[in-house]
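Written out below as structure tokens is the structure these notes cover.
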Amino acid sequence: MRDFDEFNITQAVVDRFGDTPDPRLKAVMTSLVWHVHDFIRDVDLSFDEWRSGVDVLTRTGHPCHDTRQEFILLSATLGVSILVDAINHRMPEGATETTVLGPFYVEEAPISELGADISGGLDGEPLFVSGWVRSADGAPLAGATVDVWHADEDGHYDIQQLDALGGLAGRAQFKTDAEGRFHFWSITPTPYPIPEDGPVGEMLKATARHPNRPAHVHFMIAAPGQETLITHVFADGSPWLDSDAVFGVKNSLVVPFVPCPAGEAPDGRRMGRTYNRLAYDFGLKPQRPAA
Ligand code: BEZ
Ligand code: FE
């Protein structure tokens, strides 16, 4: 076939995918072509706009490497990450709500003992974190892996300042005890802007959007027989809870980071200064038995 125009091109491209052996891939490619073509017709895309779209995507790829992921920022700021999360995590009663993974997760965080201080020398107000991990039906999960990571008091993650820090900080993995409990010390994270020095920052500025996220601690919790939970716990009262740049806030994930006076902390540690306390109990969704 020849002579493609704005009316017949879409079906022609879809037909080219007609022999795709994998039915799921065929469905995804067909839908993608229809939606992209309809978007172009809908906004009547100019040639200059098409060129600048190609330029933005090219520059979104350029800064991507192990510790910088501009495509995740683009996905998150367009609400794509939280939409994919919502579709894939319809949670039962008793299971903790999920939210976006984000670009600052590191697969092999240091393994720490319960009660350890994971701040790695970062400055900030001490934070005592504790909680339970249970299955959605209430059964405690002993030996669950609790992977945590958070920003420092200036709003930066360790992997954004590895040269200055000389290693990872503000992240670790723990195993829950026989009753499914965990606790550790770190510093209190603050609200922060997502990186703004790339095309995503340009998009936010051009559209009069702010780049900020409310203060939070990230958790990824895994246990045999349960779906891995990826979530954050947000500080109640933090700015940006109602306008998170990446749409990640859910009411059930917002709790007070309670200011505590100097003295004996819940784990028996003598604190010579004030600190904050974050307590949160997590519920994991049981995996569906294999068909
Ligand atoms: C984060 O909280 O680490 C994050 C999540 C999604 C996009 C950008 C940052
Ligand atoms: Fe974060």
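The values are calculated or read from the model by the stated rules, or taken from the named source; none is laboratory data. Being a predicted model, the structure only gives us computed values, none of them experimental. Backbone-built Cβ (ideal geometry, glycine too); neighbour counts: all protein chains shown. Calculation scope for accessible area: heavy atoms of the full protein, side chains included, ligands and nucleic acids excluded. Shrake-Rupley method; radii C 1.70, N 1.55, O 1.52, S 1.80 Å.
I need a count of the residues in region 87-108 that are within 14 Å of ligand 2 (Cβ to nearest atom) and either in contact with a helix residue (DSSP H, G or I) (Cβ under 6 Å, 6 or more places away or on another chain) or under 17 Å from ALA172 (Cα atoms) (or both).
Within region 87-108, the first condition is being within 14 Å of ligand 2 (Cβ to nearest atom), and the residues that meet it are 99-106.
Then drop every residue that is not either in contact with a helix residue (DSSP H, G or I) (Cβ under 6 Å, 6 or more places away or on another chain) or under 17 Å from ALA172 (Cα atoms) (or both), which leaves 100-106.
Residues that pass the stated criteria total 7.
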Of the residues in region 154-174, those that are open to solvent by less than 60 Å² (accessible area, probe 1.4 Å), away from ligand 2 (no atom under 16 Å from the Cβ) and in a loop (DSSP other than H, G, I, E, B) number 1
Checking GLY120 against (1) without any contact (Cβ under 8 Å) to a residue 60 or more places away in the chain; (2) open to solvent by less than 20 Å² (accessible area, probe 1.4 Å), which single condition isn't satisfied? (2)
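This table checks each residue for (1) under 30 Å from TRP149 (Cα atoms); (2) touching a Ser or Thr at 6+ places or on another chain (Cβ under 9 Å).
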residue	(1), (2)
GLN11	no, no
PRO21	no, no
LEU25	no, no
VAL28	no, no
ILE40	no, no
HIS65	yes, no
THR77	yes, no
MET91	yes, yes
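For region 117-137, which residues satisfy the criterion of being small (Gly, Ala, Ser), in a loop (DSSP other than H, G, I, E, B) and either under 21 Å from the mean Cα position of the chain (by Cα) or modelled with pLDDT of 95 or more (or both)? Before the answer, list the steps.
If we filter region 117-137 for residues that are small (Gly, Ala, Ser), which is where we start, we get 119-121, 124, 130-131, 135-136.
Subset that is in a loop (DSSP other than H, G, I, E, B): 119-121, 124, 136.
Passing the criteria: SER119, ALA136.
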Could you go through region 143-153 and let me know if any residue there is without any contact (Cβ under 8 Å) to a residue 40 or more places away in the chain and away from ligand 2 (no atom under 16 Å from the Cβ). no
Which condition from (1) more than 16 Å from ligand 2 (Cβ to nearest atom); (2) within 22 Å of the chain's Cα centre (by Cα); (3) at pLDDT 95 or above is the one that HIS65 breaks? (3)
Restricting the search to region 182-241, which residues are more than 15 Å from ligand 1 (Cβ to nearest atom) and of a type in the set (A, V, I, L, M)? ILE187, ALA206, ALA208, ILE221, ALA222, ALA223, LEU229
So the check is Cβ under 6 Å with 6+ separation or different chains; which pairs have a first residue in region 161-177 that's closer than 15 Å to VAL133 by Cβ and a second one that's in a strand (DSSP E or B)? GLN173/ILE111; GLN173/THR145; GLN173/ASP147; PHE174/VAL146; PHE174/PHE182; THR176/VAL133; THR176/PHE182
Select from region 279-291 the residues that are over 19 Å from the mean Cα position of the chain (by Cα) and under 13 Å from PHE184 (Cβ atoms) and list them in ascending order. ALA279
Name the helices (runs of 4 or more DSSP H) wholly within region 27-116 that hold at least 2 residues that are surrounded by fewer than 15 Cβ atoms within 10 Å (Cβ to Cβ) and within 16 Å of ligand 1 (Cβ to nearest atom)? 80-88
